[in-house]
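The values are calculated or read from the model by the stated rules, or taken from the named source; none is laboratory data. Owing to the predicted nature of the structure, the values given are computational and were not obtained by experimental measurement. Cβ placement follows ideal geometry from the backbone for every residue including glycine, while neighbour counts extend to all protein chains displayed.
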Amino acid sequence: MIARWVVGVVSLSVVGTATALGAQPFEGAITMRMNTGAAAGAPQPEIQYLVRGGNLRVTMPGPGGGMSLLTIASEKKSYMLIDAQRSFMELPTTSAQAALDQRASAAGAITRTGKRETIAGMECEHVLVTVEGQQTDLCLSRALGDFLNPLTSMRQGATPAWQRTLVAEGGFPLRVTGPDGTVLLEVTKVERKSLAPSLFSIPDSYSRMTMPARR
């Protein structure tokens, strides 16, 4: 299961390396809940973002325990840390531009509504993304940098249309509401604080693993 989960995150890391590491004045932690399509009433997984100096660490639940996606700006590389196994693997990024071009070309139409809201203490603007007649509402903040979406890896499927649009639009969604009114993502806490540099490096005790081949 770990192998399948990690393979699913490759496209996520490609987008994150190319878009999430721009100049980001924000440093701190962002906590959110995401709808993964689980049974009604099931708890939604809690995702934590840590952002510092262009580096990004996204920690999320996964099979066998917690996993973290680590993107290091100075190396221009992304890694998957598997805490339960005290191991890590480097994720390929050579096709980053091709992935960006593909996602941008498939993006939906954008309508800026001018409507603003405060979520988790941050102001955001509602933007409608229309794909094949279906509208998704994104409340976007411009104060948190660009967005790396764990939803792609957790579903192990195609990149959602609203995420493809974000590649070109930029911004960080504080809430994403689907065409049927389902809240797909919602930020619950934003903490501006200093973070230790060690959070953005691979522990010396972790051993390297080889990226599993896609089947």
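Is it the case that THR17 is at pLDDT below 60, outside any loop (DSSP other than H, G, I, E, B) and within 26 Å of ASP137 (Cα to Cα)? Write out each step before concluding.
Values: at pLDDT below 60: yes; outside any loop (DSSP other than H, G, I, E, B): yes; within 26 Å of ASP137 (Cα to Cα): yes.
Yes.
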Note: among GLY65, GLY121, just one is within 22 Å of ILE30 (Cα to Cα), small (Gly, Ala, Ser) and modelled with pLDDT under 85, namely GLY65
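Scan segment 49-62 residue by residue and report those that are at pLDDT below 85 and more than 20 Å from MET32 (Cβ to Cβ).
The initial filter retains those residues of segment 49-62 that are at pLDDT below 85, namely 54, 60-62.
Listed by number, the list holds a single entry, GLY54.
Residue by residue, here is whether (1) at pLDDT below 80; (2) crowded, with 20+ Cβ neighbours inside 10 Å holds:
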{"position": "LEU128", "(1), (2)": "no, no"}
{"position": "VAL131", "(1), (2)": "no, no"}
{"position": "GLN135", "(1), (2)": "no, no"}
{"position": "LEU144", "(1), (2)": "no, yes"}
{"position": "LEU151", "(1), (2)": "yes, yes"}
{"position": "ARG155", "(1), (2)": "yes, no"}
{"position": "ALA161", "(1), (2)": "yes, no"}
{"position": "LEU166", "(1), (2)": "yes, yes"}
{"position": "GLY170", "(1), (2)": "yes, no"}
